[in-house]
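I have placed the structure first, in the form of C-alpha cells, so that the comments after it can refer back to it.
The values are calculated or read from the model by the stated rules, or taken from the named source; none is laboratory data. Source: prediction; values computed, not measured. Every residue, glycine as well, gets a Cβ built from its backbone with ideal geometry; the counts of neighbours run over all protein chains shown.
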Amino acid sequence: MRARLAQFKGMRALLLRRRFALAVAVAVAAVAIGAYLFRPAPPVPLADAGPDHPQGLRERNRLSEEARRLELAGRLDEAAARLEQRLAVERERLGPDHPDQATTLLDLGRLRAEVGRLPAAREALERAKSLAPANSWQARDAH
C-alpha cells in the first residue's frame, strides 16, 4: 500500500509540474498574442491618409510652427518658404480650393509684403479672399 501511495504521490507531482508547465506556456502565448494584436499600427503614407488624418495635420502644424519661429527670428524669406510648403501640403491633402488654405495664404501674403515682394503678396491675398467663405471677410471688415 505504501508503494502505491508513493507511486500516487509521484504521479501527482508529475501532473502538477506538467500543469504548471502548461500554464506557463499558455501565459507566454497570451503575452505573445497580446503583443501582436496591440502592436502599433504602421504609419500611413501621407499621400494615402485622408485630410483629417493626424499625421497630415501634424506635418501642417510643424511647418506653421517653424514658420512662426523663423519669423520671430527675423528670417522672413525662410518663414515664407515654410508657409509655401504648408500650402503645398494643404493642396495635396485638402484639394486645390479648400477654405482652410485661406489662413496660410493670408500669412504668406503678409510675409511677402514685409520682404517687399508686393506682386506675390497681392496674388496670395487675392487667392485667400477667393477661398475664404464670404461671411468671414464681411466679419473681418466690420472690425
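If I ask for residues that are over 17 Å from residue 81 (Cβ atoms) and within 19 Å of the chain's Cα centre (by Cα), which ones from the stretch 93-107 would you list?
93, 94, 95, 100
Residues in the stretch 45-65: is at least one over 24 Å from residue 102 (Cβ atoms) and at pLDDT below 75?
Checking the stretch 45-65: at least one residue is over 24 Å from residue 102 (Cβ atoms) and at pLDDT below 75.
Only one residue in 86, 93, 82 is surrounded by 15 or more Cβ atoms within 10 Å (Cβ to Cβ), closer than 18 Å to residue 57 by Cβ and touching an Asp or Glu at 6+ places or on another chain (Cβ under 8 Å). Which one?
82
Quick one: residue 120 ticks every box in (1) assigned to a helix (DSSP H, G or I); (2) surrounded by fewer than 16 Cβ atoms within 10 Å (Cβ to Cβ); (3) not polar (S, T, N, Q) except a single one, so which number is it?
(2)
When you go through (1) at pLDDT 90 or above; (2) within 18 Å of the chain's Cα centre (by Cα) one by one for residue 71, which number turns out not to apply?
Checking residue 71 against (1) at pLDDT 90 or above; (2) within 18 Å of the chain's Cα centre (by Cα), the one that fails is (2).
Among the residues that make up the stretch 23-44, is at least one of them under 30 Å from residue 132 (Cβ atoms) and either of a type in the set (Gly, Ala, Ser) or at pLDDT below 75 (or both)?
Looking for residues that are under 30 Å from residue 132 (Cβ atoms) and either of a type in the set (Gly, Ala, Ser) or at pLDDT below 75 (or both), one finds at least one in the stretch 23-44, hence yes.
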